[in-house]
Structures are given as structure tokens and as C-alpha cells.
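The values are calculated or read from the model by the stated rules, or taken from the named source; none is laboratory data. As the structure is a computational prediction, the values presented were derived from the model and not from experiment. With ideal geometry, Cβ positions are generated from the backbone for all residues, glycine too; neighbour counts draw on all protein chains shown.
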Amino acid sequence: MDEKDENETEENNQGREEIPREETVNVIACKEDLNPFFEQSNHSINKVHFSEVPQICRDEPCQLGVDEAGRGPVLGPMVYGISYAPLSRKQLLVDLGCADSKSLTEKKRDEIFDDICKHKDSIGWAIEAISPNVIANSMYRRTKVSLNEVSMVSAIKLIQGAIEAGVNVAEIYVDTVGKPESYQARLKGVFPGVKIVVAKKADATYPIVSAASICAKVSRDHALRAWRFREGDSIGTEYGSGYPTDPVTKNWLSENVDAVFGFPQLVRFSWSTAEQILESKALAVEWEETEETEMPNEQTILKFFAKSPTKLPNVHTKKHPFFTERCLSNANIL
């Protein structure tokens, strides 16, 4: 898949299965809490965190911002973030220095993130770290789910989570993916009666979106640092920026591809950069043609075998170490 496919907008598929996600408790009070939060993660599913809702955000109308970090890299999760604060405290975000996270140094982003956490009586936030596996598998499914769709679903879930937690959301500001007009129309359908603004470069225009951008970016940086390779200890951690154009990242991909099992879970294997390396270094797979439906008078070989006995309820069959050591699991979604 080419990176340009990331920007294709698809219609909302109401009938598709829910993307796997993992709910967590409120444990993050500063940036130092992010590493242990991500360290023991099951990297195959999403990881979610909601801060505690300040009482003032329940009592007063609030603005809520949405932004993401890590959309383009071939490595690591994409992290969606929201932040919210009372309309009466708009100046607080400006005073904290909230600006587009890409325009700030890492040190400054960390400082502002800690300041956001310290003002827990006025500002709330939440993030969802979307697993590289979820991203790649979504794009490879029989009914493709684009990165735009994954992004919009995450944003909507985070906003809904804040509202369900009691946040009095009056205004929503979103940094767009795809066309702002269609995204805004979709959000208006989900959140009627709420003022919604979807715009390009919203993270540089609205401080509340800047705050969300900082929460997302700082969280992604720590998610990468805290990554633990379940595939083995021999995998190097010098993988550069994670962007497909980075020579260090490309070299790491080439050195850490297995001919049979492909890449570690850190890799979004649907990215064209990863696909090209798999084509050149991994074993080719030939899929058998689907068998035609048998004719009424034809016999099937299955009739000569006895049926397996029905499994007893609550009986769990332990996986063979071959599968657990390689982080393999049953595929039940195509």
C-alpha cells in the first residue's frame, strides 16, 4: 500500500466489527508515568487512558480539542489525543504555551504536558494509542478500513468517552483528516447541538487543539521508548525517526525482517516501505484457489472421517509454545 492511500476518505462502514481496544485506569500524573504505562502493553491492541474529569468541567460548558501524532511513520502506534477545559479558562491554555506540537522542542512539549497534568482541577485529557497491528490489519482486511476511518473512529470514541464521563462539552475543535467539510458533517451527526469546527492546521490555530496535540505527541514518544519486543532480545532499538524516508529506519527494517514471520509488531507492515522489504527478503506465499462447490451427486472425502467430539464448555486448550513465542494468535476477522 502506498502512503498516499492514507489520505483516502471512506464512507463510514456501520456494519464492520469494532476495532480491538483496551481500557485502562487513571494512572498518569506526569510524563514519568507514561513509560511504565506503555511498558507492559499488549502491543496487538489499542491502549486508552482518560484523566480524571475536573469538577469545573462538569459544572461549566467546555471546549474540547482533538489531534493526533504519528500518522505517517512506518513504526509504532498512532496516538489520538483530546483535551478539554472550561470556556472560562481559555487564557490558561495560552499561558501554558500550548502551540502546535511540531513547532515545539521535545523538552518544551514535556514541560507543557506536565503543566497540563498539574492543572488537573481545570484541564482534562485522554489518549488512545492505536496499535501498529490494528492499523495494518485494518488496511489489509477484505473490506478495507482506511487510516482516515481508523482516525475518525478513534476521535469519536474519545469524545464520546469524555461526554459519558460527565464533561459538559459545548464546543469541539478538530484537526482534520480528509476533507474538513465531510468530517465536520459526520461529527455533527454524532454530536448534535454541539458547536463543531473541523479545520486544517487546527493545532496551530486553537490552543485547545494544541493541548491535545501535545498530549498525543508526548504519549507517542514515550510509547516508542517503552516498547518491549516480545519477539526476542536480539532486535535492535536504533530505528531512527520511524518515518519511511529515514535511512536509519529503512536499514533497521531490512535487518529485522524474518523470512517466515515478517516484522516485529512495532512495524505497520501495510506501508509500502515494509511491503517492498518483505517482497525482497521474505518467503513468497502462494494461496490455493478456492474450491468450487461440489455437485449434488459428488462425494466429499470428509464423509470418510468421524466428526470431532464437541468440546466441553469452559475447557481451555493451551497454545503450543511455537505460537506463543512468536506472538501468533487465531485470526477471526478477515
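The figures follow:
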{"quantity": "Test: residue in segment 74-88 that is farther than 25 Å from residue 154 by Cβ, among the small types (Gly, Ala, Ser) and in the same structural domain as residue 45 (by TED's automatic domain parsing)", "calculated": "yes"}
{"quantity": "Residue in segment 204-221 that is surrounded by 21 or more Cβ atoms within 10 Å (Cβ to Cβ), in contact (Cβ under 8 Å) with a residue 12 or more places away in the chain and either outside any helix (DSSP H, G or I) or of a type in the set (Phe, Trp, Tyr) (or both) present", "calculated": "yes"}
{"quantity": "Residues satisfying the stated conditions in segment 232-259, i.e. in a loop (DSSP other than H, G, I, E, B), in contact (Cβ under 8 Å) with a residue 40 or more places away in the chain and closer than 19 Å to residue 275 by Cβ", "calculated": "239, 242, 243, 244"}
{"quantity": "Whichever residue in segment 132-148 is aliphatic (A, V, I, L, M) and either in a helix (DSSP H, G or I) or not assigned by TED's automatic domain parsing to the domain that holds residue 214 (or both) and, among such residues, is farthest from the chain's Cα centre (by Cα)", "calculated": "139"}
{"quantity": "Within segment 164-201, tally of residues that are assigned to a helix (DSSP H, G or I), polar (S, T, N, Q) and crowded, with 16+ Cβ neighbours inside 10 Å", "calculated": "1"}
{"quantity": "Lone qualifier among 245, 249 - being polar (S, T, N, Q), surrounded by 16 or more Cβ atoms within 10 Å (Cβ to Cβ) and modelled with pLDDT of 85 or more", "calculated": "249"}
{"quantity": "Residues being assigned to a strand (DSSP E or B) and either of a type in the set (A, V, I, L, M) or not assigned by TED's automatic domain parsing to the domain that holds residue 54 (or both) - total across segment 114-131", "calculated": "4"}
{"quantity": "Complete set of residues in segment 130-172 that are modelled with pLDDT under 95 and basic (Lys, Arg)", "calculated": "141, 142, 144"}
{"quantity": "Condition met for residue 205 (outside the structural domain of residue 167 (by TED's automatic domain parsing), β-branched (Val, Ile, Thr) and closer than 26 Å to residue 105 by Cα)", "calculated": "no"}
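Here is a yes/no grid of residues against (1) over 17 Å from residue 173 (Cβ atoms); (2) free of Cβ contacts under 8 Å to residues at least 12 places away in the same chain; (3) crowded, with 24+ Cβ neighbours inside 10 Å:
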{"residue": "69", "(1), (2), (3)": "no, no, yes"}
{"residue": "78", "(1), (2), (3)": "yes, no, yes"}
{"residue": "91", "(1), (2), (3)": "no, yes, no"}
{"residue": "103", "(1), (2), (3)": "yes, no, no"}
{"residue": "106", "(1), (2), (3)": "yes, no, no"}
{"residue": "109", "(1), (2), (3)": "yes, no, no"}
